[in-house]
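Written below as structure tokens is the structure these notes are about.
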Amino acid sequence: MVCRSFMLELEKAGHIILPARKKNPPNNLAKRKKPVKIPVDQTPVCAKLSDIMPIRFCQVRRREQEPLCNSLIEQFHYLGYSQPVGEHLKYPVSAGGRPVACMTWSSAPRHIGCRDRFIGWSPAIRKKNIRLIAYNSRFLILPWVKVKYLASWLPGRTAGIISRDWMTYYRHPIHFLETFVDTERYAGTCYYAANWKFLGKTAGRGKDDQTGLANRSIKDVPGYPLSKNFRSNLGVADKR
């Protein structure tokens with residue numbers, strides 16, 4: 001697909017002439033079906049955090065429970081479900097046998113100015129080691145779950161298991177976590193209460209922007225180092 005796209009770009013620029021198109025097959029990735037709606041028990045959960053323990057994380061990528069995780073995000077997250085790009089893991093969170101939350105993690109955006117300055121790496125090192133960062137692409141507390149401190153407890157708990165699970169699936173660890181917070185909707189308090197750091201703000205431009213102008217909402221960027229020597233683990237001589 002990459003070679004075909006490159007050839008189409010060459011033709012568009014006038015460098016080559018391709019044979020006439022014989023078929024126009026559908027793009028299954030662009031027209032991916034939405035997750036099937038799976039009904040769940042929506043009886044309100046109003047309790048203390050200690051009362052719903054133990055809370056269970058279950059990594060479901062390529063497992064039987066993955067459709068349920070996708071369905072919950074599609075139904076109840078304001079952004080809906082979007083198929084993660086690249087490496088990714090999915091965690092429905094349950095208490096008493098019932099789902100209470102979902103978290104999905106995926107490959108990190110290749111360039112975020114405030115994050116890259118915080119780490120202090122060069123473009124070459126970033127290109128080599130960007131795979132060692134995981135991005136929290138979706139975080140959902142189900143709307144009928146009203147448990148104080150749950151939202152801040154979950155990011156902290158996930159930080160203890162994400163690198164181990166990434167090693168199991170992708171044969172390399174994770175040394176840094178990050179996410180975006182749309183401050184027009186949320187303050188990001190749950191992350192900061194879990195000791196995530198405010199790194200800065202996005203520039204409001206997409207990864208392929210050519211204009212240099214903001215074309216989407218500007219978001220806060222919280223980050224979380226998974227060790228004191230995370231910079232050296234990311235290939236940077238830590239002088240801080």
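Any read-out appearing in this document is the output of simple, stated calculations on the displayed coordinates, not a laboratory observation. Remember, it's a predicted structure, so these values are computed and weren't measured experimentally. So basically every Cβ, Gly included, is an ideal-geometry build from the backbone, and we count neighbours across all protein chains shown.
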| query | Taking neighbour Cβ counts within 10 Å as the exposure measure, how do Leu18, Leu132, Leu49, Leu72 sort from fewest upward? | reply | Leu18, Leu49, Leu132, Leu72
| query | Can you list the residues, at least 5 places off or on another chain, whose amide H is less than 5 Å from the amide H of Leu226, using H built in the peptide plane? | reply | Phe176, Leu177
| task | Obtain the nm distance between the two label points defined at Asp182 and Gln83 by a simple spin-label model: each point lies 7 Å from its Cα along the Cα-to-C-beta direction. | result | 2.2 nm
| query | If we count other beta carbons within 10 Å of each Cβ, what is the order of Asp165, Asp182, fewest first? | reply | Asp182, Asp165
| What stretch of the chain, leaving out the sites themselves, is the longest with no GluC sites (Glu not before Pro) in a DSSP loop having at most 15 other Cβ atoms within 10 Å? | 65-183
| remark: Taking Lys and Arg as +1 and Asp and Glu as -1, residues besides Lys90 with C-beta under 11 Å from its C-beta add up to +2
| request: Could you work out how far apart the two model spin labels at Met7 and Lys228 are, taking each label as a point 7 Å from the Cα in the direction of the beta carbon, and quote it in nm? | output: 5.6 nm
| query | Order of Met103, Met1, Met167 from fewest to most other C-beta atoms within 10 Å? | reply | Met1, Met167, Met103
| field | Of (i) 135; (ii) 144; (iii) 165, the label for volume of the Cα convex hull per residue in Å³ derived from the coordinates | value | (iii)
| query | If R0 is 30 Å, what FRET efficiency do you get for Trp144 and Arg164 from their C-beta distance, rounded to 0.05? | reply | 0.45
